[in-house]
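Some notes on the structure that comes next.
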Amino acid sequence: MQPNMEGAVRIGLLVCVVLLVGCQPAYLKDGRPNERSPYFEVPVESRFVLHQTLTIRPYSRNIFFQRGQAMPFYDVNEFIEYCALTTYAQRQVPQTIKPDTFIVTRVYREYLYQLASAPVMVAQMMQDDDGDTWHVLATQMELQSKNQPDVIRMTCAAWGLPQDISNVTVAGIRKSLGDLATLELADIKAPQAGSGNGQPPRKGSGY
């Protein structure tokens, strides 16, 4: 198969998947959260429970999760769901994150031109023939732990089309974390009829 045809097939599959996912409402008919919907957002006061010790490489702030494994950015397949756990600052020596429970204090979605805050700018790499820049609508979760205050955020994303909706779901986040960590959702109630499908507001314009 020619490279151009492979790219067209990949984009076609992405469009089909996103269209199917986009049809799912934020809540099921019985009022439970629909974890497969891109419109359901992780609620504040949810808990991110890390089960294993992680090590961030020197001169980095992030460690990435995908398919239940922890890895550096260069091993991430950006076309499927992945998450990045971020510390306050990079250091010249390895940073260790110990098993802990982190409270989600803020959740928002933001257009990013860097993959999950990776230290590699990809805007120019992702330009198409018309010069349009590819970006990703990522889910940002600010974290807090009194034992490890340097761990400040988890970002989850996946490249996909169209670019103006989120392509990551709670189910996708769980798949990325695997057995390394657990996302425990805070108890919330489904919105009243007529209040919308639960699609969150979008913040930020990228960077």
Could you compute the net charge surrounding residue 171? Neighbours are other residues with a C-beta less than 12 Å from the C-beta of residue 171; K and R count +1, D and E count -1. +1
Compute the Cα gyration tensor for the stretch 42-86, then decide on rounded, prolate or oblate, letting a ≥ b ≥ c be the square roots of its eigenvalues: rounded whenever a/c is under 1.5, prolate when a/b is larger than b/c in the other cases, and oblate in all that remain. oblate
The ³J(HN,Hα) series, computed from each phi in the stretch 68-73 with the Karplus coefficients 6.51, -1.76 and 1.60 at θ = phi - 60°, rounded to the nearest Hz and given as x for glycine or proline, is x, 10, 8, 7, x, 4
Can you sort 71, 154, 141 from fewest to most other Cβ atoms within 10 Å of each residue's own Cβ? 71, 141, 154
How many nm separate the modelled label positions at residue 96 and residue 71, each set 7 Å beyond the Cα in the direction of the Cβ? 2.6 nm
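Since every read-out is calculated from the coordinates, none of them should be taken as a lab result. Only a predicted model underlies this, so the values are computations on that prediction, with no experimental measurement involved. FYI the Cβ positions are ideal-geometry reconstructions off the backbone, even for glycines, and counts take in every protein chain you see.
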